[in-house]
1. Output the residues belonging to segment 197-214 that are touching a residue at least 12 places away in the same chain (Cβ under 8 Å) and either exposed (fewer than 12 other Cβ atoms within 10 Å of the Cβ) or within 17 Å of ALA88 (Cβ to Cβ) (or both).
2. Which of the residues that make up segment 104-118 are at pLDDT 75 or above and closer than 24 Å to PRO37 by Cβ?
3. Within segment 70-83, can you find the residues that are open to solvent by less than 20 Å² (accessible area, probe 1.4 Å) and of a type outside the set (Lys, Arg)?
4. So VAL42 fits all but one of (1) open to solvent by 80 Å² or more (accessible area, probe 1.4 Å); (2) at pLDDT 85 or above; what number is the exception?
5. Cβ-Cβ below 7 Å, separation at least six or inter-chain, first residue in segment 216-227 and over 12 Å from LEU31 (Cα atoms) and modelled with pLDDT of 85 or more, second part of a helix (DSSP H, G or I) and open to solvent by 60 Å² or more (accessible area, probe 1.4 Å): which pairs?
6. It is to be established whether one or more residues within segment 164-175 are at pLDDT 75 or above and farther than 30 Å from ALA281 by Cα.
7. Mind checking whether some residue in segment 77-92 is in contact with a Gly (Cβ under 8 Å, 6 or more places away or on another chain) and at pLDDT below 80?
8. Consider only pairs whose beta carbons are under 6 Å apart and that are at least six residues apart or on different chains; among these, list those whose first residue lies in segment 112-138 and is in contact (Cβ under 8 Å) with a residue 40 or more places away in the chain and whose second residue is surrounded by fewer than 22 Cβ atoms within 10 Å (Cβ to Cβ) and in a loop (DSSP other than H, G, I, E, B).
Amino acid sequence: MISRLDSKAMAALWVLGAALAFSLLYASGKLTGGLVPAIQIVFIRYFSGFATVGGLALVQRQPLKQLLAGGRRHLHLLRACCGVGGGACSIWGATYMPLADASALALLQGVFTMGLAVVLLRERIVLLQGVAAALCVLGALVIVRGNAGVAVDPDALSNPYAPLAMLAGAFLTACEVILIKVLSRHESMLSMLLHVNGFATLLLGCAMLFLWVPVEPLTLALLCLIGPMAIFGQMCNVKAYRIADAAWLAPFTYASVAFAALIGWVVFGTLPGLAAWLGTALIVGGGLLLIRNKPPV
């Protein structure tokens, strides 16, 4: 019993690490002032990510031919399409609306994931999981409400389609989470990362021949850090979904709102208020309930 609780707690920590990494990724468009197209940021992310994974494979002396072998390339390609679409929609949407509000809409990924897990993976949820998820959502809403009317970047442009882009990004990201769960049962972590980053680079490479926008060397160097950061987030997700069910882990993604508040404090000098601390406490409380909850049989 103790070992199972420890493993579930570890899975939750992996998801929290991924949430932090991807919160920074989604903020990248806003940090560049909207001057770099979202699709170009996504390409840089996957290209530098592919280079990172290739380096890891060389360090671990794993042949690329062996890592690329397997009969599930269609699932890897589908996951890459979901990742590219979800990333582009989320980065673009977050660029044209307050970061806290964008993070709130991104929270719907957890709702979409739980629904898809029940329908496609036949996973079961119990009442306590619903209560814990509600606590996490409430905590996120408290944080967002506390930031209402105060944009993280007052000079950011607005776009009426940005919320729809965030909703589309949340759904596509949830689809990718389900594919991660399915593929993690059969594929090694390096194989999964190599496939998704390789396919995404190929999908976007041709488009970049026509859509590439010149970027200052320093900005380009900083954007190249997104790849390794995304690899870290992907590795965290793969580790987590090998340990626990997707429906059980989904509510932990709500911590991204707390991370968005932290980014606002560190980068833009906006100190978290009482609402941020209260919301974070609710998210942690919901997470503790999930850890104590026994899985349905």
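The values are calculated or read from the model by the stated rules, or taken from the named source; none is laboratory data. Since we're looking at a predicted model, the values are computed, not measured. Backbone-built Cβ (ideal geometry, glycine too); neighbour counts: all protein chains shown. Accessible surface areas use protein heavy atoms only, side chains included; no ligands, DNA or RNA. Shrake-Rupley method; radii C 1.70, N 1.55, O 1.52, S 1.80 Å.
1. Of everything in segment 197-214, those that are touching a residue at least 12 places away in the same chain (Cβ under 8 Å) and either exposed (fewer than 12 other Cβ atoms within 10 Å of the Cβ) or within 17 Å of ALA88 (Cβ to Cβ) (or both) turn out to be ASN197, PHE199, ALA200, THR201, LEU203, LEU204, GLY205, ALA207, MET208, LEU211, TRP212, VAL213.
2. ALA106, GLN109
3. HIS76, ALA80, CYS82, GLY83
4. Of (1) open to solvent by 80 Å² or more (accessible area, probe 1.4 Å); (2) at pLDDT 85 or above, only one is false for VAL42: (1).
5. GLY227/PHE47; GLY227/ALA51
6. Checking segment 164-175: not a single residue is at pLDDT 75 or above and farther than 30 Å from ALA281 by Cα.
7. No, segment 77-92 has no match at all.
8. Once the first residue is in contact (Cβ under 8 Å) with a residue 40 or more places away in the chain and sits in segment 112-138, its partners that are surrounded by fewer than 22 Cβ atoms within 10 Å (Cβ to Cβ) and in a loop (DSSP other than H, G, I, E, B) give ALA117/GLU123; GLU123/ASP245; ARG124/PRO296; VAL126/PRO296; LEU128/ASN293.
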